[in-house]
Structure formats: structure tokens, C-alpha cells
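A.B. asks: Quick one: the structure is below, and I'll ask about it shortly.
The values are calculated or read from the model by the stated rules, or taken from the named source; none is laboratory data. None of the values given here were measured: they were computed from a predicted structure. With ideal geometry, Cβ positions are generated from the backbone for all residues, glycine too; neighbour counts draw on all protein chains shown. We work out accessible area using only protein heavy atoms, side chains counted, and drop any ligands, DNA or RNA first. Shrake-Rupley method; radii C 1.70, N 1.55, O 1.52, S 1.80 Å.
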Amino acid sequence: MVVLKVLEVSQRVDVRENVQFLTRYLREGLKTIRSWNDDFFIGIRQLGLVMGLEFNHPEGAKYVMRSLYENGVWAMYSMLDPSVLQFKPGLLCDKPLL
């Protein structure tokens, strides 16, 4: 029954609009951060709110993951490619939480 509720919530117009807002907001912020660190942070992969942050060091995502965790942000490096950090904010996250 939880699955049905998750599907219902994720189909709400306000939730879909919020996801679109967060997708644009986070991408623009990441592009800005990348421009300040383009020698280390080399790319952004994104499918909706699922993001992959690419680093030029073969294990760069591990270092960034550790630093983020120490600052209260949960993210993890890709087991298939430790140069990519996986970041998945929640559907119901809003701007004040960011």
C-alpha cells in the first residue's frame, strides 16, 4: 500500500512542478560551482533529480563524498565509476531546505 501512496504523491501537479523547479535550481547551482572548479569538477550528468557529478581524478568522488558527509550532506560515489558522485535529492525537498 505504501507503493500506491508514493505513486499518488509523485503524480501530483505541485510535486511535479517542484521537481522541475529543483532540477533547474540545482543544475544552475552546480554549473556555477563547476565554473569555479573546472579543473577538478568536470561534468554534470542529470536525469530529473538524479545527478552524477563527474571529477577528473579517478577516485575524486570518494573525496567529495567524505567532505559532504562531514557537512551533513548524504551522497555516494558510483560503484561502477568512483570518479562520479551520485546525488539524489528528495522529490519533496524545497528551496528552504537547500
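A.B. asks: Having 3 or more residues that are touching a residue at least 24 places away in the same chain (Cβ under 8 Å) and open to solvent by less than 80 Å² (accessible area, probe 1.4 Å) is the bar; report the strands (runs of 3 or more DSSP E) wholly within segment 10-98 that clear it. Show your work before the answer.
C.D. replies: On the way: elements: 41-47, 50-55, 84-87.
Ranges flagged: 50-55, 84-87.
A.B. asks: Taking Leu97, is it modelled with pLDDT under 90, within 13 Å of Val19 (Cα to Cα), out of contact with any strand residue (DSSP E or B) (no Cβ under 8 Å at 6 or more places or on another chain) and not small (Gly, Ala, Ser)?
C.D. replies: Details: modelled with pLDDT under 90: yes; within 13 Å of Val19 (Cα to Cα): no; out of contact with any strand residue (DSSP E or B) (no Cβ under 8 Å at 6 or more places or on another chain): yes; not small (Gly, Ala, Ser): yes.
So Leu97 does not fit the description; no.
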